[in-house]
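K.L.:
First the structure, which I've put down as structure tokens, then a few questions once you've had a look.
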Amino acid sequence: RLSGPQFIQRAAKEGVYMSYSRADEVFTLELHDYLTEAGIDVWLDMIDAPDDRDWDSEVIAAQTSSGLMVAILSPEALADEALQAERSQFNQSGKLILPVLHRHCECQNPQSWLPVIDCANDLERGLQSLLRILQGKSLAV
């Protein structure tokens, strides 16, 4: 699995798909805005899936075109079977998954995932780390 900064940046340039639980939607929306303002191409269903189109088709198209998934982690996200399936399918397609810890939970990352970005303990540091990684600068926190 290629997970060096240059591969993460290349995947992010293909588009970033955000996977989240509805319990985390406020955090996810704020994260979307932060990344978008930094010039990262981010797809978020509540913004990018038009109401007049088939939502499922829009989500599938976004997953297909995105090179990287930002998976927001929380107790609700880990308990949600649909999100588990979504993460699994994305991972099986050979794409990168970058987990972002929003609220503390028991998470055992599959080896194929990138290291967790911790926004639960220090939001500002987590956001800065996430941006550095997506821009291909460093995996160090």
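K.L.:
Can you tell me which residue is modelled with the lowest pLDDT among those in the range 80-125 that are more than 13 Å from SER19 (Cβ to Cβ), among the aliphatic types (A, V, I, L, M) and open to solvent by less than 40 Å² (accessible area, probe 1.4 Å)?
P.N.:
Out of the qualifying residues, it is LEU114.
K.L.:
Are there any pairs with C-beta distances below 7 angstrom linking a residue in the range 115-129 that is over 14 Å from PHE27 (Cβ atoms) to a residue that is open to solvent by less than 40 Å² (accessible area, probe 1.4 Å) and not in a loop (DSSP other than H, G, I, E, B), with the two at least 6 apart or on different chains, and if so which?
P.N.:
Listed pairs, sorted by first residue: VAL116/PRO99; VAL116/LEU101; SER129/ILE117.
K.L.:
If I ask for residues that are open to solvent by 10 Å² or more (accessible area, probe 1.4 Å), acidic (Asp, Glu) and closer than 27 Å to GLU81 by Cβ, which ones from the range 15-35 would you list?
P.N.:
If the condition is that a residue be open to solvent by 10 Å² or more (accessible area, probe 1.4 Å), acidic (Asp, Glu) and closer than 27 Å to GLU81 by Cβ, then GLU25, GLU30 are the ones that fit.
K.L.:
For the range 15-35, give me each residue that is in contact (Cβ under 8 Å) with a residue 24 or more places away in the chain and hydrophobic (A, V, I, L, M, F, W, C).
P.N.:
Listed by number, the residues that qualify are VAL16, MET18, ALA23, PHE27, LEU31, LEU35.
K.L.:
State all residues of the range 23-47 that are closer than 20 Å to LEU127 by Cα, in a helix (DSSP H, G or I) and of a type outside the set (A, V, I, L, M, F, W, C); if no residue qualifies, say none.
P.N.:
Matches in the range 23-47: ASP24, GLU25, THR28, GLU30, HIS32, ASP33, TYR34, THR36, GLU37.
K.L.:
Among the candidates ALA38, ALA77, ALA12, single out the residue that is surrounded by 13 or more Cβ atoms within 10 Å (Cβ to Cβ), over 19 Å from VAL116 (Cα atoms) and touching a residue at least 12 places away in the same chain (Cβ under 8 Å).
P.N.:
Going through ALA38, ALA77, ALA12 in turn, the sole match is ALA38.
The values are calculated or read from the model by the stated rules, or taken from the named source; none is laboratory data. Since the model is a prediction, treat every value here as computed from it, not as a measurement. When we count neighbours, we look across all protein chains shown, and the Cβ atoms used for this are built from the backbone with ideal geometry, even at glycine. Note: areas computed on protein heavy atoms with side chains; ligands, DNA, RNA excluded. Shrake-Rupley method; radii C 1.70, N 1.55, O 1.52, S 1.80 Å.
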